[in-house]
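The values are calculated or read from the model by the stated rules, or taken from the named source; none is laboratory data. Everything numeric in this text was worked out from a predicted model, so none of it was measured. Please note: Cβ atoms are built from the backbone with ideal geometry, for glycine as well, and neighbour counts cover all protein chains shown.
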Amino acid sequence: MANKILDLFGSSTAFAITIASLASSTTGVGRQSDILDNSTSREQCVRIWAKIKQGTSPTGNRSAYLYLIADDNNGTNHRTDGAGASDAALTIQNAPLIGVMRNKSTAATGELLYGEFLVRIAAPKWGIILVHDTVVALDSTAGNHWLRYSYVSPEVQ
């Protein structure tokens, strides 16, 4: 009988990123996560889940955007858009877009934006950036948001 290659799913892990009260931006100002080390496990794909709670009186037909940070793991690390090593403010310039979470045309205070994205990560280290343009800051309670990831690896059966 021939072998099959099936997906093996890693455990779901939270990103270290502070998005409570993240200000809205139309110029790419957002927040980056801590950089994750992929140099030993060399995973190629990751599934990212997001739950973002909008703030008070957001504007409709707006979005939250996730971008990918790649890090070459050199002695002097070269990271997308000059990202740092840890959770901090960052303005995107050239980071590749992972996905978009769009709100309703009649957006209301506290509505949730959900996203699920499958991403190829061809880098020894990586992270994400979250930017949104809903016109108001995101909800101020950290526990009302989450960004999580799980590696997806091929496994011979």
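For segment 93-113, filtering for residues that are in contact with an Asp or Glu (Cβ under 6 Å, 6 or more places away or on another chain) and touching a residue at least 60 places away in the same chain (Cβ under 8 Å) leaves 1. All conditions but one from (1) part of a loop (DSSP other than H, G, I, E, B); (2) among the small types (Gly, Ala, Ser); (3) touching a Leu at 6+ places or on another chain (Cβ under 6 Å) apply to residue 30; the one that does not is (1).
Would you mind stating whether residue 55 is at pLDDT 95 or above, surrounded by 15 or more Cβ atoms within 10 Å (Cβ to Cβ) and at positive phi? No: the conditions fail for residue 55.
Step by step: first the residues of segment 60-86, then only those that are in contact with an Asp or Glu (Cβ under 6 Å, 6 or more places away or on another chain) and touching a residue at least 24 places away in the same chain (Cβ under 8 Å), then the one that is surrounded by the fewest Cβ atoms within 10 Å (Cβ to Cβ). Which residue is that? So the residue we want is 86.
Among residues of segment 38-59 that are over 27 Å from residue 122 (Cβ atoms) and of a type in the set (Ser, Thr, Tyr), those with a beta-carbon under 7 Å from a residue that is modelled with pLDDT of 95 or more and in a loop (DSSP other than H, G, I, E, B) at least six positions away or on a different chain give the pairs 56/136; 57/136; 59/134; 59/135. Within segment 90-145, the set of residues being closer than 25 Å to residue 39 by Cα, of a type in the set (Gly, Ala, Ser) and exposed (fewer than 14 other Cβ atoms within 10 Å of the Cβ) comprises just one member, 122.
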